[in-house]
Amino acid sequence: MHLVDLTLATPAGNLALDEALLEASEQSAAPREVLRLWESPVPIVVVGRSSQVELEVDLEYCRAQGIAVLRRTSGGAAIVAGPGSLMYAAVLSYDLRPELRSLDQAHRFVLETTLSALAQIAPGARRRGTSDLALGELKFSGNSVRCKRRHLLYHGTLLYDFDLPLVARCLKMPPRQPDYRHGRAHGEFITNLSTTAAELRRALLAKWNARGDTIAWQSAEVDRLVSERYGREEWTMQR
């Protein structure tokens, strides 16, 4: 599996790069799988493809604090990311893994792979809801997926030293909640793993067999996607 361990300079660029890697794999002659790792140096809010921003995000607070609000191309509810939240993205091939055409199998495969990578870091962690990872009743990872013709993009968060109270300041209570949340406020629902970014990176790279044959990171496609989508308020605020 190819490796892209890269954080770009802007929030919009970082979201665009995940999609650019997916599109590059779609256009490649042979199946191409990629693992990307990154971590935003500043807090950001990222809503799902079908989210209504005003229902999920405290826009007044985010604007006052200069926290960028963006929309990703995959589903799910809004998240807050930033320092202490390692982001990962896996581009996976249907040709190599035809079972992943079933969305349930895609969730199972990626989340169980991640849990296996974290076995020594977070013993007892397990899948909860559709696409969460949790320690007991406390969530430390949220994930979402985008499916194309030949590949899928599966990406998510791993909280390890994140400012957890920031989530409640940036986000409203989500309109859709997994059953195991039981209506709990953000501060009662999320937790950090007791680890470091370096340890998480080592574990993920080893489990995914992501090697040093790092590929080009599609800078021209990132610029196009930022210009046409991720950098545009019309994209973020659409209903």
Subject >> Ordering of 81-94, 104-117 by burial proxy (mean other Cβ atoms within 10 Å per residue, highest first) >> reply: 81-94, 104-117
Original post:
Hey, of (1) 16.4; (2) 13.5; (3) 12.0, which did the structure itself give for mean projected area of the Cα convex hull in nm² when calculated?
Top reply: (3)
**OP:** Can you tell me the order of 186-195, 58-67 when each peptide is scored by its average per-residue count of other Cβ atoms within 10 angstrom, highest first?
**Re:** 186-195, 58-67
Subject >> Point-charge dipole on Cβ atoms (K/R +1, D/E -1) for the chain, about Cα centre, debye to 20 >> reply: 480
Original post:
Under a Cβ-Cβ cut-off of 9 Å, what is the net charge of the residues other than residue 178 that fall near it, where Lys and Arg count +1 and Asp and Glu count -1?
Top reply: +2
Original post:
Among 105, 155, 88, which residue has its Cα positioned farthest towards the positive end of the charge dipole of the chain, with +1 placed on the Cβ of Lys and Arg, -1 on the Cβ of Asp and Glu, and the dipole taken about the Cα centre?
Top reply: 105
**OP:** Provide the packing ranking of 146-155, 5-14, 172-181, i.e. peptides ordered by the mean count of other C-beta atoms within 10 Å per residue, highest first.
**Re:** 146-155, 5-14, 172-181
Original post:
How high is the relative contact order of the range 2-237, given as a whole-number percent (alpha carbon pairs under 8 Å, six or more residues apart)?
Top reply: 27
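Read-outs throughout are calculated quantities, based only on the coordinates presented, and are distinct from any laboratory measurement. Since the model is a prediction, treat every value here as computed from it, not as a measurement. When we count neighbours, we look across all protein chains shown, and the Cβ atoms used for this are built from the backbone with ideal geometry, even at glycine.
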